[in-house]
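Colleague: Sharing a structure below in structure tokens format, with a few things to ask.
Here, each number is a calculation from the coordinates, and none is a lab measurement. None of these values were measured; they are calculated from a predicted model. Here the Cβ positions follow ideal geometry from the backbone for every residue, glycine too, while neighbour counts run over all protein chains shown.
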Amino acid sequence: MNKNTRKAKGKLYFDTYHHQTEKNTTEEYDVALIKGQIILIGKYPKKASEFLKNFRFLVQDHSIKQLSQFEKIESLHNTNAPLYTIDYKLKENNEINKWLQQKYGVEQVDSILHLKQTGALKGSSTGSFELEIELANDNQSFSESINYMPTVKSELEVVR
């Protein structure tokens, strides 16, 4: 994502996992973020457009800034690289878990919130931010990620 223009290009993935790993599949479709809306580019099946029709990222609906309200499980920082990882326990009645239950129909259980960031924590750094929620009772997880890329000079001229 370009932080200046708020435009992005990316991929939409549908992963299906099986006990027999050779049956695992991944479907991949190109997407772009234009005027705050995620649109599909190229050929795609109806299920992809249906999925995106009412799609919202967790971070669009919930602020994850009040991390002190969660029980910290583990925190790691690599001093040789700008890499930070923190795991928090979320109680089953937490707002984030409720969002997952409403959006994806999962049962109400405790979960673990994994946060990972590369790049400087402040400023207009390049890097990535990853968020994953792992349900405690099951092998289900939900994840979102964003990669911040350096701005190309021609893009800066458009912003001005």
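Colleague: For 74, 130, what's the fewest-to-most ordering of other Cβ within 10 Å of each Cβ?
Modeller: Fewest-to-most ranking of 74, 130: 74, 130.
Colleague: Taking H as built 1.01 Å from N, whose amide H comes closer than 5 Å to the amide H of residue 31, not counting residues under 5 places away?
Modeller: 10, 11, 12, 41
Colleague: Could you run the Karplus curve 6.51 cos²θ - 1.76 cosθ + 1.60 with θ = phi - 60° over the range 40-52 and give me ³J(HN,Hα) per residue in whole Hz, x for Gly and Pro?
Modeller: 7, 10, x, 7, 7, x, 4, 4, 5, 5, 5, 4, 7
Colleague: For residue 90, which sequence-distant residues (separation of 5 or more, or a different chain) have an amide H within less than 5 Å of its own amide H, given hydrogens modelled in the peptide plane?
Modeller: 111, 112, 113
Colleague: Could you compute the net charge surrounding residue 61? Neighbours are other residues with a C-beta less than 12 Å from the C-beta of residue 61; K and R count +1, D and E count -1.
Modeller: For residues surrounding residue 61, the net value is +1.
Colleague: From the phi of every residue in the range 89-99, what ³J(HN,Hα) in whole Hz does the Karplus formula 6.51 cos²θ - 1.76 cosθ + 1.60 yield, where θ is phi - 60° and glycine or proline is x?
Modeller: 8, 10, 5, 4, 9, 5, 4, 5, 5, 4, 4
Colleague: Using the alpha carbon gyration tensor of the range 7-77, what are the three equivalent-ellipsoid semi-axes (square root of 5 times each eigenvalue), largest first, in whole Å?
Modeller: That gives 28, 22, 11 Å for the three semi-axes.
Colleague: Neighbouring Cβ atoms within 10 Å as the yardstick, rank 61, 87 fewest first. Before the final figure, lay out each step's value.
Modeller: Working: 61 12, 87 18.
Listed from fewest to most nearby Cβ atoms, that is 61, 87.
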